[in-house]
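The values are calculated or read from the model by the stated rules, or taken from the named source; none is laboratory data. All of these numbers come straight from a predicted model, not from anything done at the bench. Positions of Cβ are backbone-derived with ideal geometry, glycine not excepted, and every protein chain shown enters the neighbour counts. The protein model used for the area step is the full one, side chains on, heavy atoms only, and it has no ligands, DNA or RNA in it. Shrake-Rupley method; radii C 1.70, N 1.55, O 1.52, S 1.80 Å.
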Number of protein chains: 2
Amino acid sequence: MVQYKIRLDTTFAALADVTRRGVLEQLGGSDASITDLAQRFDMTLTGMKKHVSILEQAGLVTTEKVGRVRTCKLGLRRLEEEAAWIERHRELWSARFDALDEIVDHLKRKERADAHRKRR
Amino acid sequence: MVQYKIRLDTTFAALADVTRRGVLEQLGGSDASITDLAQRFDMTLTGMKKHVSILEQAGLVTTEKVGRVRTCKLGLRRLEEEAAWIERHRELWSARFDALDEIVDHLKRKERADAHRKRR
DNA sequence: CTTACAGTGAACCATATGGTTCAGTATAAA
DNA sequence: TTTATACTGAACCATATGGTTCACTGTAAG
């Protein structure tokens, strides 16, 4: 209950920063070290480390250090809770879900096409 | 482009606070004055005013002052952008959309049932 | 062994955030 | 016309945030 609220807090806060959303985009493409990310976002190692820690705390990213390099990947959490929260409020806002339906359908079609393409 | 990023920033930031999410829930039930909200959330008028302003700036709430009382209602924005962003990242995280599909279907069924009930 | 590299932690800094109090202004009620 | 209500704005406060530098540790490479 309380945990749930805290998690929404930390997740939404984690998402409320351009750099961190950028890092998530980046990691969606491929895993990266702190150094990689720091360079890509023109920031000190220490600064990037902080962002990664915040994302990690929100469960959006996981990291593993092997040797001297820490590799960051997207976390296992898939924003179900946050999606559900937003959905619930879309319900309050509007009596219809057509817009999201379209988004989901579109992404689903796109994703299936991609998967198909990759598989061949 | 830049605007888009700023909007995600402000919206996610607006949602990253328990009180503000509470206000949204509240307004989902019925419109309310600043005084109503301040009482409900045990906070000064000034404090609540700030929260409402933040929600207003994010387009999540609209207000209208008539006489000396300002009435707050849910805004017209329906979090399409934010839902889309989260969806896009769910795509990165997972190859399947079943979970959200279920959520949407469930809410849609529930909403349709409600609408049906109200209409009769 | 020495040197370079990747990350980490502490300290610091400017600004933002979430809240307050206090002193107004405008409107409604008596 | 007085008084109470509803809000507003400025000022203030403590803490959080997003970033830096600097000193350090551990690991890899020469």
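Counting from the shortest, the label point at A:S30, 7 Å from Cα toward Cβ, is 5.9 nm from the same position in each remaining copy. Of the trypsin sites (Lys or Arg not before Pro) in the stretch A:6-53, not one is in a loop by DSSP (not H, G, I, E or B) with at most 15 other beta carbons within 10 Å. Between A and B, buried accessible area from a 1.4 angstrom probe totals roughly 4400 Å², ignoring ligands, DNA and RNA.
In a fully extended conformation the segment linking A:D9 and A:T71 would gain 19.7 nm over its present Cα-Cα distance, using 0.36 nm per residue. For A:T46, the point set 7 Å out from Cα toward Cβ sits 3.6 nm from its twins in the other copies, listed from shortest up.
With a threshold of 22 Å on the Cα-Cα distance, the over-threshold entries among B:K49/B:K73; A:K49/B:K50; A:K50/B:K50 are A:K49/B:K50; A:K50/B:K50.
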